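Data block below; observations after.
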Amino acid sequence: MTTQNSWKDFKKPSEVELRDRLKPKEYSVTQEDGTEPAFENDYWDNRSDGIYVDIVSGEPLFSSKDKYDSGTGWPSFTKPLSNEQIVAKKEKGLLARTEVRSQQADSHLGHVFTDGPAPTGQRYCMNSASLRFIPKEDLETEGYGAYKELFSN
């Protein structure tokens, strides 16, 4: 189990270890910059309260409070939990877009676009295969208790 503190000390496993630990789609997306099919992924329509963490390192990345239905078929967020856990890289080529990677694990997560809703105008379009969802009721036991306050009225 990855806990809140353990992701801070995360050391990326070898390719062999990652291939053993991750499902093929998770490996393809996070390690080979793949993209899963729209509307055929675990979290595009998840409406439960909780946070999304990097499937490789456990880094906390996004909150369900910032998730919205973008109509794209992938989970979309207006902002990350913290800009410190996200690395944005401009891609070159036919499609000028910005790739989003996790800080600690360097996992490919998805892309960020400037066509999102207020207040940020951003759409963080992520691959479910790069994420693990922690429901709000499990935050404490999973080691992410500091994020419980996001879900208190």
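Within region 50-92, the set of residues being acidic (Asp, Glu) and exposed (fewer than 15 other Cβ atoms within 10 Å of the Cβ) comprises ASP69, GLU84, GLU91.
The sole residue among GLU84, GLU91 that is farther than 20 Å from TYR27 by Cα, at pLDDT below 95 and in contact with an Asp or Glu (Cβ under 6 Å, 6 or more places away or on another chain) is GLU91.
Is it true that TYR52 is in a strand (DSSP E or B) and either modelled with pLDDT of 95 or more or under 12 Å from ASN127 (Cα atoms) (or both)? Spell out how you get there, then give the answer.
On the way: in a strand (DSSP E or B): yes; either modelled with pLDDT of 95 or more or under 12 Å from ASN127 (Cα atoms) (or both): yes.
Here the answer is yes, as TYR52 does meet what is asked.
Return a yes/no flag: does region 89-106 have any residue that is under 19 Å from ILE134 (Cα atoms) and small (Gly, Ala, Ser). Yes - at least one qualifying residue is present in region 89-106.
Among the listed residues GLN85, GLN31, which satisfies the condition of being more than 21 Å from PHE151 (Cβ to Cβ) and either out of contact with any strand residue (DSSP E or B) (no Cβ under 9 Å at 6 or more places or on another chain) or in contact (Cβ under 8 Å) with a residue 24 or more places away in the chain (or both)? Working first, answer last.
Details: GLN85 fails: more than 21 Å from PHE151 (Cβ to Cβ).
Within the list GLN85, GLN31, the selection yields GLN31.
Looking only at region 23-37, decide whether some residue is of a type in the set (Phe, Trp, Tyr), over 11 Å from the mean Cα position of the chain (by Cα) and in a loop (DSSP other than H, G, I, E, B). Taking every residue of region 23-37 in turn, none turns out to be of a type in the set (Phe, Trp, Tyr), over 11 Å from the mean Cα position of the chain (by Cα) and in a loop (DSSP other than H, G, I, E, B).
Being within 23 Å of GLU15 (Cβ to Cβ) and touching a Phe, Trp or Tyr at 6+ places or on another chain (Cβ under 8 Å) is the requirement here; does LEU61 meet it? Let's see the steps before the verdict.
Details: within 23 Å of GLU15 (Cβ to Cβ): yes; touching a Phe, Trp or Tyr at 6+ places or on another chain (Cβ under 8 Å): yes.
Yes, satisfied.
Among the residues of region 93-117, those that are part of a loop (DSSP other than H, G, I, E, B) and in contact (Cβ under 8 Å) with a residue 12 or more places away in the chain comprise ARG97, GLN103, GLN104, ALA105, ASP106, SER107, GLY116, PRO117.
The values are calculated or read from the model by the stated rules, or taken from the named source; none is laboratory data. These numbers were taken from a predicted model, which means no experiment stands behind them. FYI the Cβ positions are ideal-geometry reconstructions off the backbone, even for glycines, and counts take in every protein chain you see.
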